[in-house]
Amino acid sequence: MVHPNDTYTSPLATRNASPEMLRLWSPRHKFNTWRQIWLAVAQAQHEVTRDWPRPLVSAEQIEELRQVVERGITDEEIDRARELERDLRHDVMSHVHCLGEQCPKARPIIHLGCTSQDVVCNADLMILDASARLIAAKLGRVILTWCDQANRYKSMPTLGFTHYQPAQPTTVGRRCALWAHDLEVLEYRVRLLRECGFIRFRGLRGATGTQASFLSLFEGDGSRVDAFEAEVIRRLACDGHCQSTHGLMGQTYPRVVDGLVLSELAAVASVVHKIATDIRLLSNRKEIDEPFGAQQVGSSAMPYKRNPMKCERMCGLARFVMNLVGNAYDTAATQWLERTLDDSSNRRLSLPEAFLALDGALDLMHEVAGGLVVNEAMVRRNLMGELPFLATENILMEAVKAGGDRQEYHEIIRAHAQAAGQRVKQDGLDNDLLDRLEADRAFWSQDRGGPLSHEIDWTGLMDPMKYIGRSVEQTERFVQAVAEPMRARYAAELDRLGSSDRGV
């Protein structure tokens, strides 16, 4: 037996993905799902031939199969299937034989009429469905956490940016709401994968999708074939899976479906990357920090460092997910005629790893959002350092209302602003624009010997709340519209989701 320390193991399993997502993509879950399909097939074959003198599958065979399937596959049976596969060179048939060894009475009817993809495709789709549900729930959890922070900081002015240059102020809470909004767009898209039937059952269609084997099995009776397939899907769908099937296919469900699924995951990843990058930029400005453990080490060489390591991991994982999409579309494009097998080895990597990586990134975002540290003093300091520049338009308006000429005062303010900017950038000194303007006689009232009809309220012009527009109202409106429906939609899942801290 090779020790784990002597072989490669995926960091997605050891450092990133949650136990819930790892379980969905585990060998045990896959093989148990295969067995559930074989049981459903046998039960359906029994049901639709009950009126025959001798049904295809007996009640005794079903009961034996049910007992083994419902107890779950054991480690010994998984090992036995691997042993069989060394000779058979076929993973599905090795599990057919392994299950048959546990069910000697049912052995003759296991996999009756089926091709491998009747089992594998339906199982894969069930796993995709459950994984998409988990991703949607984790998106909901992150959105709700950002909504909480949006409410908390909705009235805290902060410097806004365009082109990563100072722009009109916003609020810290509105920025959190903006992050939540972009994620909410994608939460809807992930739900559509399931609710609009992009992820649906393949059905029971046989080797090339024509159902020829089942038509032969049911003695040429197409209505029995339909009844059989519907009964299998009904039994498999009882756990919340979509009950529809693809209308037409070759041996597999359309592989372009994998492309659609990974595209939506990649879209989520792109927003995760964007939010994590925003936090990294604001961390550099000392305005926001991600949560940092009491004993956490930021750098082996620089003890003072408090690097945004979780956000950096998010970006790395998100980038990985975004770059997996091409695999799915390349695979869909190269499925010759009814099917070719070069999809299998690629899908075993691209599908689980996309879900595992995004799952880990969303858990990290939940930790960061929930433990976000807002350094209010630095937020205000950075804003106030730029606010005199941002207030120049309002100062110009006040000067005109006090009797000044708009073009003349525009030039006066421009000259002072350029000089103040030079002082800040070249000399490293504080922004003294307001002092310059107050000292300029052009801005004095007539009772002080200046040209203006009344005094300008310099203090009032430096109130940041005058420049945030409808930030508070927009934040409140968004949170009110999104939070409660999201909380209700994922109430059960949110109760089940536990701690997501996986370390660094």
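Bear in mind these aren't lab numbers, they're just calculated from the coordinates by the rules spelled out. Because the structure is predicted, anything quoted here is derived from the model rather than measured. All Cβ positions, even for glycine, are placed from backbone atoms using ideal geometry, and neighbour counts span all protein chains on display.
A protection proxy built from the mean count of other Cβ atoms within 10 Å ranks the segments 13-22, 176-185, most packed first, as 176-185, 13-22.
Each residue, M465 and N5, gets one label point 7 Å from its Cα in the Cβ direction; the gap between the two is 6.1 nm.
The simple Förster model, with R0 at 51 Å and r as the Cβ-Cβ distance, assigns R423 and V185 a FRET efficiency of 0.75. When the charge dipole of the chain is built from unit charges on Cβ atoms (+1 for Lys and Arg, -1 for Asp and Glu) and taken about the Cα centre, the candidate among P169, V96, H246 whose Cα reaches farthest toward its positive end is V96. Is it possible to state the helix-based mean residue ellipticity at 222 nm for the chain, with each DSSP H run of 4+ residues giving -39500 (n - 2.57), the sum divided by total residues, to the nearest 500 deg cm²/dmol? What is it? Taken over the chain, the calculation gives -20500 deg cm²/dmol.
Placing pseudo-labels 7 Å out from each Cα toward the beta carbon at D457 and D405 gives an inter-label distance of 2.9 nm.
Given their separation in residues at 0.36 nm each and the Cα-Cα distance between them, E219 and K105 gain 38.7 nm when the chain is fully extended. Counting neighbouring beta carbons within 10 Å and listing from fewest to most, the residues W34, W146 come out as W34, W146.
The residues T145, T9, when put in order of fewest to most other Cβ atoms within 10 Å, stand as T9, T145. Summarising the amide proton neighbourhood of I288: residues at separation of 5 or more, or on other chains, whose placed amide H is nearer than 5 Å comprise S283, N375. Computed about its Cα centre, the charge dipole of the chain is approximately 220 debye, with only Lys, Arg, Asp and Glu carrying charge at their Cβ.
Computed from the Cα positions only, the extents of the chain along the three principal axes stand at 114, 52, 41 Å, in decreasing order. Distance between the pseudo-spin-label points of Y329 and A230 (7 Å out from Cα toward the beta carbon): 3.9 nm. Among the DSSP helices (H) of the chain, those spanning at least 15 angstrom by Cα along their long axis with an average Kyte-Doolittle hydropathy of -0.5 or more are 91-102, 116-152, 172-195, 222-236, 256-284, 309-322, 342-370, 376-390; this is a geometric and hydropathy rule only. Provide the FRET efficiency to the nearest 0.05 for the D430-H163 pair, computing r from the beta carbons and using R0 = 22 Å. The pair D430/H163 has a calculated efficiency of 0.35. Full extension of the chain segment joining K274 with R448 gains 57.4 nm, where the gain is 0.36 nm per residue of separation less the Cα-Cα distance. Take every Cα pair under 8 Å whose residues are at least 6 apart in sequence, average their separation, divide by the length of segment 392-461, and the relative contact order is 28 percent.
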